[in-house]
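Worksheet: one structure, shown below.
Nothing in this text is a laboratory measurement; each read-out follows from the coordinates by a stated rule. Source: prediction; values computed, not measured. Here the Cβ is made from the backbone with ideal geometry for all residues, glycine too, and neighbour counts use every protein chain on show.
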């Protein structure tokens, strides 16, 4: 069964939130390589959510 937009958006928001949490931890720990790796996921999820019309203003804590 193909997921609908609401299911895709919900999963992507969950993933986006998790990635941001890990990015903030990596930044705090000065884990430069880990942060850079997570940033790739962050950017991909941000592009996906934006293309689906999700306003990220309230949930984007990294703002890159």
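In nm, to one decimal, how far is the residue 15 label point from the residue 28 one, both placed 7 Å along Cα→Cβ?
Distance between label points: 2.5 nm.
Could you work out the helix-only [θ] at 222 nm for the chain, with each DSSP H run of four or more residues adding -39,500 (n - 2.57) and the total divided by the number of residues, to the nearest 500 deg cm²/dmol? Don't skip to the end; give the middle numbers.
Values: 2 runs with 44 residues, N = 64.
Dividing the helical sum by the residues of the chain leaves -24000 deg cm²/dmol.
Please give the residues of the stretch 2-19, grouped as numeric ranges, whose backbone N is less than 15 Å from a label point set 7 Å along the Cα-to-Cβ vector of residue 41.
11-19
Need the C-alpha centroid separation for the stretch 47-64 versus the stretch 24-42, integer Å.
18
Across every pair of different alpha-carbon atoms, what Kirkwood hydrodynamic radius in Å does the stretch 5-51 reach?
Details: mean 1/r = 0.0920 Å⁻¹.
Hydrodynamic radius (Kirkwood, Cα pairs) of the stretch 5-51 is 10.9 Å.
What's the angle, to the nearest 10 degrees (0 to 90), between helix 32-51's Cα axis and the longest principal axis of the chain?
With rounding to tens, the tilt is 20 degrees.
Arranged from highest to lowest average of other beta-carbon atoms within 10 Å per residue, in what order do the peptides 10-22, 47-59, 26-38 appear?
Numbers: 10-22: 15.7, 47-59: 11.5, 26-38: 13.3.
The densest-packed peptide leads the list: 10-22, 26-38, 47-59.
Taking only Cα atoms, what is the 0 to 90° angle, nearest 10, from helix 5-28's long axis to the longest principal axis of the chain?
0
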